[in-house]
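J.: Okay, here's the structure, questions in a sec.
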Amino acid sequence: MKKIKLFDPVVGQTEQSAITKTLKSHFWASGAGTNNVLKFEMQFRNYTGAGSCIAVNSGTAALHLALSLIDIRGKEVILPSLSFVATAHAVIYNGGRPVFVDVEPDTACLDPEMVQAAVTDKTKIVLPVHFAGMPCKLDQISRICKKFNLVLMEDAAHAAGAAYGVKKIGTHGMAVCFSFHPVKNLAMPTGGAITLNGKNQAKFEADLKSKRWCGITDRIGAKYDVDKLGWNFYMNEFSAAIGTEQLKKLDRLNAVRKKTAKQYFEEIKIENKMPYDKNCVYHFYWIRVKNRDRFMKYMSANNIETGIHYKPIHKMKFYDKDELLPQTEKIAGEIVSMPTHPNLSESDISRIISTANRFE
Ligand SMILES: Cc1ncc(COP(=O)(O)O)c(C=O)c1O
């Protein structure tokens with residue numbers, strides 16, 4: 001029986017040609033952000049409709065840099081604990097304090113009421129995660145940000161191509177962070193991006209372009225200056241070349257993911273599961289099962305890979321916090337991620353559904 005993987009990038013001839021072309025060009029990377037990287041940035045900015053786009057070498061770097069735009073030293077950032085640790089690490093990298101807030105049981109995204117309740121006079125940023133590609137309630141969260149004069153940033157690592165209202169994810173928050181890790185909807189060997197919106201966007205763009213390359217500024221030919229601390233976070237030419245090809249397919253591939261998710265929503269008999277929403281891009285599809293270990297072993301015995309997203313961040317040794325997050329903990333104890341990648345055949349999808357439905 002064929003093994004069904006949880007994640008699998010869709011690659012073809014166009015990615016292969018792009019890689020070969022880049023290899024032969026002998027121009028593989030540059031902190032200056034020219035060639036393929038510049039092209040990808042412009043394409044992704046146009047695709048989302050954001051004010052600017054800065055390409056970096058991971059979603060983690062995107063979060064790290066985005067949060068550096070606001071001085072959060074000794075201040076608080078509100079975020080979900082149900083996320084990849086990088087979301088919270090980015091707060092710590094910048095000297096801030098992560099304040100974990102509970103999620104809604106139906107979407108597993110930040111609960112706006114809980115966000116409002118967690119605001120203090122130290123809060124600076126609200127950082128929601130569009131969990132599994134499901135856009136969180138940005139209108140309500142934006143209203144809270146306006147009311148308390150907070151900055152909205154977003155972790156859209158799962159949400160390339162998703163929309164909220166009539167606008168694409170990437171156009172709402174002051175900074176929106178994407179990951180292009182190979183498992184993501186838009187896959188690269190490694191990569192990420194920050195889209196920027198709002199009145200300081202041009203200034204922030206220049207700041208981030210410098211910070212992604214060791215703080216280098218005012219570069220003319222071989223001469224440059226450094227006016228701040230920066231990192232080696234720039235994207236390489238191979239990732240950008242693949243990204244350009246992946247971006248051309250993104251809407252088509254996301255449509256396939258949505259179709260698969262709709263079928264899961266309608267046909268998987270397990271009651272507690274991810275809702276269907278046409279604006280969601282289904283990075284994966286989650287279900288909740290009481291006996292998770294047994295379920296995952298059973299799926300694995302049937303050659304179907306499943307996953308856990310996530311052990312909550314506040315339960316990790318490094319964070320080890322006593323926050324009371326009842327929904328997060330309940331979800332985290334039962335959640336199972338199911339494959340939605342577009343390499344699944346119709347018979348793979350039927351096999352996943354019928355196998356899950358036979359679980360007792
Ligand atoms: C929610 C979330 N945030 C941030 C990241 C970090 O992205 P990257 O792996 O590209 O650094 C990931 C990636 O796994 C993620 O899932």
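The values are calculated or read from the model by the stated rules, or taken from the named source; none is laboratory data. Here the structure is a predicted model, which is why all the values come from computation and not from measurement. Using ideal geometry, Cβ is built from the backbone for each residue, glycine included, and neighbour counts are taken over all protein chains shown.
J.: Which members of region 133-170 meet the condition of being among the small types (Gly, Ala, Ser), farther than 21 Å from residue 339 by Cα and in a loop (DSSP other than H, G, I, E, B)?
T.: 165, 170
J.: Would it be correct to say that residue 3 is in the same structural domain as residue 234 (by TED's automatic domain parsing) and either at pLDDT below 95 or not polar (S, T, N, Q) (or both)? Talk me through it step by step, then tell me what you get.
T.: Values: in the same structural domain as residue 234 (by TED's automatic domain parsing): no; either at pLDDT below 95 or not polar (S, T, N, Q) (or both): yes.
The answer is no for residue 3.
J.: Of the residues that make up region 296-307, is at least one under 30 Å from residue 118 (Cβ atoms) and outside any helix (DSSP H, G or I)?
T.: Here is the first cut: in region 296-307, the ones under 30 Å from residue 118 (Cβ atoms) are 307.
Subsequent filtering for residues that are outside any helix (DSSP H, G or I) retains 307.
Yes; the residues of region 296-307 include at least one that is under 30 Å from residue 118 (Cβ atoms) and outside any helix (DSSP H, G or I).
J.: Further question: Looking only at residues in region 33-63 that are over 16 Å from the mean Cα position of the chain (by Cα) and under 14 Å from residue 233 (Cα atoms), which one is modelled with the lowest pLDDT?
T.: Among those that are over 16 Å from the mean Cα position of the chain (by Cα) and under 14 Å from residue 233 (Cα atoms), it is 33.
J.: Could you list, ordered by first residue, the pairs with Cβ atoms under 7 Å in which the first is in region 265-283 and farther than 19 Å from residue 184 by Cβ and touching a residue at least 40 places away in the same chain (Cβ under 8 Å) and the second is among the acidic types (Asp, Glu) and more than 16 Å from the ligand (Cβ to nearest atom), at least 6 apart or interchain?
T.: 275/106
J.: (1) touching a Phe, Trp or Tyr at 6+ places or on another chain (Cβ under 6 Å); (2) closer than 30 Å to residue 240 by Cβ: which one isn't true of residue 81, the others all being true?
T.: (2)
J.: Could you check, for region 84-97, whether at least one of its residues is in contact with a Cys (Cβ under 7 Å, 6 or more places away or on another chain) and modelled with pLDDT of 95 or more?
T.: Step one: list which residues in region 84-97 are in contact with a Cys (Cβ under 7 Å, 6 or more places away or on another chain), which gives none.
The answer is no; no qualifying residue exists.
J.: If you don't mind, another one. If residue 340 passes every condition in (1) of a type in the set (Val, Ile, Thr); (2) assigned to a helix (DSSP H, G or I); (3) under 22 Å from the mean Cα position of the chain (by Cα) but one, which one does it miss?
T.: (2)
J.: Quick one: which of 68, 81 is over 17 Å from the mean Cα position of the chain (by Cα), within 16 Å of the ligand (Cβ to nearest atom) and among the small types (Gly, Ala, Ser)?
T.: Numbers: 81 fails: over 17 Å from the mean Cα position of the chain (by Cα).
Going through 68, 81 in turn, the sole match is 68.
J.: Kindly indicate the residue of region 173-207 that is more than 16 Å from the ligand (Cβ to nearest atom) and buried (at least 22 other Cβ atoms within 10 Å of the Cβ) and also nearest to residue 62 (Cα to Cα) among those meeting that condition. So that I can check it myself, show each step before the final result.
T.: Taking region 173-207 first, the residues more than 16 Å from the ligand (Cβ to nearest atom) are 174, 196-207.
Now drop any that are not buried (at least 22 other Cβ atoms within 10 Å of the Cβ), which leaves 174, 196, 204.
Working: 174: 13, 196: 11, 204: 13 Å.
Looking at residues that are more than 16 Å from the ligand (Cβ to nearest atom) and buried (at least 22 other Cβ atoms within 10 Å of the Cβ), I get 196.
J.: Oh, and also: Pull up region 247-303, narrow it to residues that are closer than 18 Å to residue 136 by Cα and within 16 Å of the ligand (Cβ to nearest atom), then point me to the one that is nearest to the chain's Cα centre (by Cα).
T.: 283
J.: Residue check, residue 270 against (1) part of a helix (DSSP H, G or I); (2) farther than 28 Å from residue 11 by Cα; (3) touching a helix residue (DSSP H, G or I) at 6+ places or on another chain (Cβ under 7 Å), all met but one. Which one?
T.: Just one mismatch for residue 270, condition (1).
J.: Out of 102, 155, which single residue is away from the ligand (no atom under 16 Å from the Cβ), closer than 23 Å to residue 320 by Cβ, surrounded by 21 or more Cβ atoms within 10 Å (Cβ to Cβ) and not assigned by TED's automatic domain parsing to the domain that holds residue 340?
T.: Values: 155 fails: away from the ligand (no atom under 16 Å from the Cβ).
Within the list 102, 155, the selection yields 102.
J.: Related question: Kindly provide the set of residues from region 42-65 that are assigned to a loop (DSSP other than H, G, I, E, B) and either more than 12 Å from the ligand (Cβ to nearest atom) or among the hydrophobic types (A, V, I, L, M, F, W, C) (or both), ordered by number. Explain how you work it out, then say what you get.
T.: At the first step, the residues of region 42-65 found to be assigned to a loop (DSSP other than H, G, I, E, B) are 49-51, 57-58.
Answer for region 42-65, where residues must be assigned to a loop (DSSP other than H, G, I, E, B) and either more than 12 Å from the ligand (Cβ to nearest atom) or among the hydrophobic types (A, V, I, L, M, F, W, C) (or both): 49, 50, 51.
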